[in-house]
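Down below is the structure, laid out as structure tokens.
The values are calculated or read from the model by the stated rules, or taken from the named source; none is laboratory data. Computed from a predicted model, the values in this text were never measured in an experiment. Reconstructed Cβ throughout: ideal geometry from the backbone, glycine too, with neighbour counts over all protein chains shown. Accessible surface areas use protein heavy atoms only, side chains included; no ligands, DNA or RNA. Shrake-Rupley method; radii C 1.70, N 1.55, O 1.52, S 1.80 Å.
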Amino acid sequence: MTDQPDLPEEPAPQPETRAIGLFQDISEDKAEELIYAMKIYGNESAEPIDFYVSSLGGSAIDMFAIYDFMRETRDKVPLVTFGLGKVMSAAVLLLAAGTKGRRKIGKHCRIMIHSVNGGSTGPLQDLKNEMKEIQYIQDAYIEALCEETLFTKKQLKTYFTKNVNVYLSAEEAVKYGIADIIV
């Protein structure tokens with residue numbers, strides 16, 4: 001009987017990286033891409049999905065599309081959010097919407113929140129209608145941020161009535177419950 005040479009051990013299988021990212025403005029096209037990716041990853045396995053966020057914000061309507069799908073996805077699989085560089089405006093809610101306890105933020109990341117922006121021209125009746133819609137979106141944004149963070153409605157309304165951008169450090173983001181862990 002001949003001696004068989006020892007075969008090298010097979011390396012242990014490495015976990016598959018399941019990552020998506022928002023590194024641009026929030027738009028209809030980007031919402032479609034992110035929702036589709038979450039749908040595929042959410043159906044493949046129960047392993048966490050990493051969601052990297054570095055964005056100046058964008059469309060509030062498309063933010064809500066992503067946010068609603070994130071809420072459904074995190075009920076099935078952990079959704080680990082990572083705030084990097086800048087997380088501003090509509091992107092703040094997406095960072096905060098990760099699985100609680102698993103929302104990370106870079107030490108040097110800057111957070112910025114402000115009231116909803118809108119603009120329209122046309123007849124007075126149309127402008128009145130647009131103002132109602134902007135108010136609705138503002139109220140929904142405040143409600144969602146309060147649900148996902150430690151902010152109160154009173155705090156957010158105070159910030160928003162000042163009509164200024166409110167900047168937060170990574171430490172303040174953790175203090176207010178936008179993120180949980182500074183990396």
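Quick rundown of the values:
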| read-out | value |
| --- | --- |
| The chain: calculated mean residue ellipticity at 222 nm from DSSP helix runs of at least 4, using -39500 (n - 2.57) | -13500 deg cm²/dmol |
| By average C-beta atoms within 10 angstrom, highest first, the peptides 150-159, 59-68 | 59-68, 150-159 |
| Relative packing of 107-114, 23-30, 39-46, 85-92, which averages over residues the other C-beta atoms within 10 Å, highest first | 85-92, 107-114, 23-30, 39-46 |
| Per residue, in Å², the accessible surface of the chain once ligands and nucleic acids are set aside, probe 1.4 Å | 59 |
| Phi-based couplings in Hz for region 148-164 (Karplus 6.51, -1.76, 1.60; Gly and Pro marked x) | 8, 10, 9, 5, 9, 4, 4, 4, 5, 5, 5, 4, 6, 6, 6, 6, 10 |
| Aspartates and glutamates with Cα under 12 Å of LYS76, excluding same-chain neighbours fewer than 8 positions away | GLU44, GLU47 |
| Beta bridges per DSSP with both ends in the chain, % antiparallel, nearest 5 | 15 |
| Carbon/sulfur fraction of accessible area - the chain, other protein chains in place, 1.4 Å, % | 53 |
| Whole-Hz ³J(HN,Hα) from phi, Karplus 6.51 cos²θ - 1.76 cosθ + 1.60, for region 94-101, glycine and proline x | 5, 4, 5, 7, x, 4, 4, x |
| Unsatisfied cross-links (Cα-Cα over 23 Å) in the set LYS132/LYS162; LYS30/LYS86; LYS104/LYS162; LYS39/LYS107; LYS107/LYS175 | LYS104/LYS162; LYS39/LYS107 |
